[in-house]
Amino acid sequence: MRLVAKLVVLIFVGVIVFAGTPNSKVNAEVTSNVLLSQRTTSVSKSSCPTAAQARIKAEKANPGWKVVNIKELSKVWHLTLKKE
């Protein structure tokens, strides 16, 4: 009787553990694809005083990427780029 109970518990635990694996794998792939299609960079305001200059510099330094957002901080421009 105890052997049957142990076997049922082991099967139950196995089903729970293996049932959750594919979902986490899919989530990891989606997250990595999102992260691969976006990057951030910073450009110093001393080298590029305007946002337009910072955009040009970032796009030259990252061919195939396009600036989609620029945030002004005190000493730098924070740029978000996406893959074209």
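The values are calculated or read from the model by the stated rules, or taken from the named source; none is laboratory data. Please read all numbers here as calculations on a predicted model, not as lab measurements. We place every Cβ from the backbone using ideal geometry, glycine too, and count neighbours over all the protein chains shown. Keep in mind that these areas ignore ligands, DNA and RNA; they rest on the heavy atoms of the full protein, side chains included. Shrake-Rupley method; radii C 1.70, N 1.55, O 1.52, S 1.80 Å.
Quick notes on this structure:
- Residue in the range 70-80 that is among the acidic types (Asp, Glu), modelled with pLDDT of 95 or more and assigned to a helix (DSSP H, G or I) present: no
- Yes/no for Lys6 being at negative phi, at pLDDT 95 or above and open to solvent by 90 Å² or more (accessible area, probe 1.4 Å): no
- Complete set of residues in the range 66-84 that are in contact with a helix residue (DSSP H, G or I) (Cβ under 8 Å, 6 or more places away or on another chain) and β-branched (Val, Ile, Thr): Val67, Ile70
- Candidate set from the range 48-61 (those that are open to solvent by 60 Å² or more (accessible area, probe 1.4 Å) and not in a helix (DSSP H, G or I)); member that is nearest to Ser37 (Cα to Cα): Thr50
- Answer residue from the range 62-84, given it is under 17 Å from the mean Cα position of the chain (by Cα) and open to solvent by less than 40 Å² (accessible area, probe 1.4 Å) and is nearest to Val43 (Cα to Cα) among those: Leu79
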